[in-house]
2 protein chains.
Amino acid sequence: MKPSIPKGTRDFIPSEVYKRKYIFSTIEEVYKKYGYQPIETPAMELLQTLTGKYGEEGDKLLFKVLNNGDYLAKANKEALNNLDSNALISSISKRGLRYDLTVPFARFVVMRQNDLTFPFKRYQIQPVWRADRPQKGRYQEFWQCDADVVGSDSLMYEAELIQILSEVFSSLNIKVRIKINNRKILYGIAEAFGIESRFMDMTIAIDKLDKIGKDGVVAEMTKREISEEAAIEIIDLIQAADLTRLVEVFEASDTGIKGIEETREIMTFLRGHEALDLLDIDMTLARGLNYYTGTILEVVADNEAYPDLVMGSLSGGGRYDNLTEVFGMKGNSGVGVSFGADRIYDVMDSLNLYPEEVAQELDILLVAFDKESHQYAFRVLGQLRSEGIRADLYPDPVKMKKQMKYAHARNVPYVGIIGSDEMNSGTVALKDMESGAQNKISVEEVINTIKK
Amino acid sequence: MKPSIPKGTRDFIPSEVYKRKYIFSTIEEVYKKYGYQPIETPAMELLQTLTGKYGEEGDKLLFKVLNNGDYLAKANKEALNNLDSNALISSISKRGLRYDLTVPFARFVVMRQNDLTFPFKRYQIQPVWRADRPQKGRYQEFWQCDADVVGSDSLMYEAELIQILSEVFSSLNIKVRIKINNRKILYGIAEAFGIESRFMDMTIAIDKLDKIGKDGVVAEMTKREISEEAAIEIIDLIQAADLTRLVEVFEASDTGIKGIEETREIMTFLRGHEALDLLDIDMTLARGLNYYTGTILEVVADNEAYPDLVMGSLSGGGRYDNLTEVFGMKGNSGVGVSFGADRIYDVMDSLNLYPEEVAQELDILLVAFDKESHQYAFRVLGQLRSEGIRADLYPDPVKMKKQMKYAHARNVPYVGIIGSDEMNSGTVALKDMESGAQNKISVEEVINTIKK
């Protein structure tokens, strides 16, 4: 049997894991510094928790787990007879793999509300699964890194999350721009044009402006019962992003005014902080997902710094006023951001941004000439490790050439050579693999050399 | 809808995640120091990879993932008509959740053999899933922390893994005993009694000695066509664990002699190391799983240190000579250990062994009296965070009592109080939450106080 893995999933070899861990731990350290606390939720959720939360398309992309034991005993007979795959599911599968971290988080907050202190600031770095058609850069298993605050509507948190976006990417050495908009501004526009009932259609169309251009968006909007005249004016308005003009437009919309005020207050919080320099007010930013109700955020690689890089958004987020409502807990405002680790990984890879230490997994490899010095080397190995040095020993005293080849493959900066001479004098012949220099020194000196 | 999660799965609140991360990172640091490298494999494996690897019982405990789309279109019609759940599976599900980390690792090694340098030392810390009946201390999703070496039969690695077992538990402050045996010794005994063909039955029966006692094991062995006389003698022999007597018994068994020699060489490697003091040769140790072929290891909490603690094994491992064979790669000897994070968690909890810092997630919380000082406090917050201090600010300048209540709930050692006085003088009223002392000092001084 030739082994393989499911399409759309990946194994990670050590050099890849190191890079991924570097990204995750950079994000995690920033989250911790900003006072966010980790939670974890199970990979499997009840399907009743997941279904209906991601639209019809999303439901299709859920991985469903077959009930154990004699699952056909309780199967829906009618669906079975009709070979109706969809209708059968709920009777043979009650669990699914989580599709994102937001819905499990909302479910968690409602279930554990008595164990938590609000405002509750949580981060969560875990894989999610989607049965999307696999293609370059899109996988069926991938990791999300989310931070959210629930239980406060303070705009301080929007400002803080923008700082987090700025700090994570600056730590990773990726130059970015952060786009900000507010769904209340978009709603205000809909109100001003008397098309509140078409608000969702409008935002979904605007969201495609980058891809299908102005004419495309106008066409999409007119198809959804928005007049062509209104559509053109709306696009002009959001492309101009002129706050003074908008305030005039919003004479009939308290919501629109509120959106502008919110954006201004966030900017006030950010005064003097470097994140402010990265921020672009972009009223064409709509973010399709419908649960955002206030500020929306999106991070893209800085086009000026990387003119050749073609890459979608690296991170996004926003404010949602009713996330836990679907699980029966009202009035719990939330705001959060999410980093897509895989896309960040691809950007870092193509720009070669990983620090050199990321690949350095071992400080020293010992090699020995014969069985007796090998036993002795094993004890030296123990001394090095007890000093916290990441050390290893080739497992057998075989030909030196073979052992040195292994040292090269493990990309080790030092090799410690031990024969009977070294054994009898309590020394190690330490070879610097970069310079090639070799010195017979005491174990103490080896420890000091590596530690500095 | 009242939210819930699948039985046998768990959410982890922050205080639990901190403890779990403490265990994982302790194990990971030791693995890294010993030169092991991380890999990750996907949660879903092809069912053809998993099925048949864990015995018939294991196959039943695999979580199977339903194929996406119109899965019934390709369903086995006969199985459908007969409502034969088992026969239907392979036609409607091609993926399953991984059951352990060993089989995915073997599959990985075979697939990626050209990317790896042998001996390949890997560690892997990931969740696994089993549809076991949930009960206290047993979950359907739990984490394993494995380290294995493949591609070498050097006994140095057995010695090294014993050192790892010793070091991990000493770092966690859990007193343990490490039991060692060798399947070759058990096989030698089977040979000496002419019951090689009953070897598996013998080891499975011996494995239950702790639970069902000598009489129970004899009964089990006689049921499996081993004579009562032989059964009694075998149990006497392994309970005595007298190497000299065994060498006599093994006159007819080269394998048995080899088992004794291996154990002795491992002890030689460990000479002078503290791990040797924890090691007990225990010939009643058999470890049911049938892929071990040499040394077998098991760690239990030290009975003398914790007479009241009732707890199964905390870790185990051993040598297997043919792990990758089932995937078509022969002659690749492996040896490894695995830590069960959940059981270790329970032991640490019941013995209260977590260091105090584990629960300390935040260094300081700022609180503000009014809107203006709140804006100023947000800037002070930025200064603290830019110094690497884990700092937070209550989101609104509400009543001080409410803000202080939040500070207590977050278990924070310092609170920085900021009103107009502090704002105008560029200071913070720093309150030490343990002593209750409060001092008005500069932001610089706050930073220095927290950093020391």
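The values are calculated or read from the model by the stated rules, or taken from the named source; none is laboratory data. Remember, predicted model here, so these are calculated numbers, not experimental data. As a convention, Cβ positions derive from the backbone with ideal geometry for all residues, glycine included, and neighbour counts pool all protein chains shown. Please note that ligands, DNA and RNA were not included when accessible areas were found on the heavy atoms of the full protein model with its side chains. Shrake-Rupley method; radii C 1.70, N 1.55, O 1.52, S 1.80 Å.
List of remarks:
- Among the residues of segment A:394-445, the ones that are assigned to a helix (DSSP H, G or I) and farther than 28 Å from B:Leu116 by Cβ come to 9 in all.
- Here B:Asn82, B:Asn76, B:Asn114 are screened, and the one residue that is within 27 Å of A:Phe12 (Cβ to Cβ) and either open to solvent by 10 Å² or more (accessible area, probe 1.4 Å) or of a type in the set (Gly, Ala, Ser) (or both) is B:Asn114.
- Listed conditions (1) open to solvent by 80 Å² or more (accessible area, probe 1.4 Å); (2) over 35 Å from the mean Cα position of the chain (by Cα) are all met by B:Ser442, apart from (1).
- Check on B:Gly328, out of contact with any strand residue (DSSP E or B) (no Cβ under 7 Å at 6 or more places or on another chain) and within 27 Å of B:Arg183 (Cβ to Cβ): yes
- Scanning segment B:38-63 for residues that are open to solvent by 20 Å² or more (accessible area, probe 1.4 Å), part of a loop (DSSP other than H, G, I, E, B) and small (Gly, Ala, Ser) yields a single hit, B:Gly52.
- Criterion (assigned by TED's automatic domain parsing to the domain that holds A:Val150, among the basic types (Lys, Arg) and in contact with a Phe, Trp or Tyr (Cβ under 7 Å, 6 or more places away or on another chain)) met by exactly one of A:Lys19, A:Lys32: A:Lys19
- All positions within segment A:196-215 that are closer than 15 Å to A:Asp282 by Cβ, of a type in the set (Asp, Glu) and crowded, with 16+ Cβ neighbours inside 10 Å: A:Asp207
- Just one residue in the set B:Tyr54, B:Tyr71, B:Tyr34 is farther than 30 Å from B:Val358 by Cα and touching a helix residue (DSSP H, G or I) at 6+ places or on another chain (Cβ under 6 Å); that residue is B:Tyr71.
- Annotation: B:Ser85 fulfils all but one of (1) closer than 19 Å to A:Lys7 by Cβ; (2) within 10 Å of chain A (Cβ to nearest Cβ); (3) small (Gly, Ala, Ser); the unmet one is (1).
- Checking B:Val218, B:Val168, B:Val176 one by one, the residue that is without any contact (Cβ under 8 Å) to a residue 60 or more places away in the chain, hydrophobic (A, V, I, L, M, F, W, C) and surrounded by 20 or more Cβ atoms within 10 Å (Cβ to Cβ) is B:Val218 and no other.
- On inspection, A:Arg20 fails the criterion of being more than 30 Å from B:Tyr36 (Cα to Cα) and touching a strand residue (DSSP E or B) at 6+ places or on another chain (Cβ under 8 Å).
- Scanning segment B:65-102 for residues that are under 20 Å from A:Lys77 (Cβ atoms) and assigned to a loop (DSSP other than H, G, I, E, B) gives B:Leu66, B:Asp70, B:Ala75, B:Asn76, B:Asn82, B:Leu83, B:Asp84.
- Verdict on A:Asp100 being among the acidic types (Asp, Glu), facing chain B (nearest Cβ under 9 Å) and surrounded by fewer than 23 Cβ atoms within 10 Å (Cβ to Cβ): no
- Where A:Lys7 falls short, out of the listed (1) open to solvent by less than 20 Å² (accessible area, probe 1.4 Å); (2) not assigned by TED's automatic domain parsing to the domain that holds A:Phe142: (1)
- Among the candidates B:Leu155, B:Leu186, B:Leu172, B:Leu165, the residue that is aliphatic (A, V, I, L, M) and facing chain A (nearest Cβ under 10 Å) is uniquely B:Leu155.
- Residues of segment A:18-37 that turn out to be within 7 Å of chain B (Cβ to nearest Cβ), outside any strand (DSSP E or B) and surrounded by 20 or more Cβ atoms within 10 Å (Cβ to Cβ), as a count: 3
- B:Val149 vs. criteria within 11 Å of chain A (Cβ to nearest Cβ), assigned to a strand (DSSP E or B) and open to solvent by less than 40 Å² (accessible area, probe 1.4 Å): yes
- With respect to the conditions (1) closer than 30 Å to A:Gln383 by Cβ; (2) more than 23 Å from the chain's Cα centre (by Cα), B:Cys145 falls short on a single one, namely (2).
- Condition check for B:Ala75: over 22 Å from A:Pro3 (Cβ atoms), over 29 Å from the mean Cα position of the chain (by Cα) and more than 8 Å from chain A (Cβ to nearest Cβ): no
- Looking only at segment A:342-368, and only at residues there that are open to solvent by 10 Å² or more (accessible area, probe 1.4 Å), in contact (Cβ under 8 Å) with a residue 12 or more places away in the chain and not in a helix (DSSP H, G or I), the one that is farthest from A:Ile417 (Cα to Cα): A:Leu353
- For the residues A:Gly328, A:Gly318, the requirement of being at positive phi, crowded, with 20+ Cβ neighbours inside 10 Å and not assigned by TED's automatic domain parsing to the domain that holds A:Arg390 singles out A:Gly318.
- The set of residues from segment B:221-246 being surrounded by fewer than 19 Cβ atoms within 10 Å (Cβ to Cβ) and under 31 Å from the mean Cα position of the chain (by Cα) comprises B:Gln239, B:Ala241.
- Of all residues in segment B:103-132 being closer than 24 Å to A:Lys402 by Cβ and of a type in the set (A, V, I, L, M), the one that is nearest to the other protein chains (Cβ to nearest Cβ): B:Val110
- Out of B:Tyr414, B:Tyr394, sole residue that is closer than 28 Å to B:Glu357 by Cβ, under 37 Å from the mean Cα position of the chain (by Cα), at pLDDT 95 or above and surrounded by 20 or more Cβ atoms within 10 Å (Cβ to Cβ): B:Tyr414
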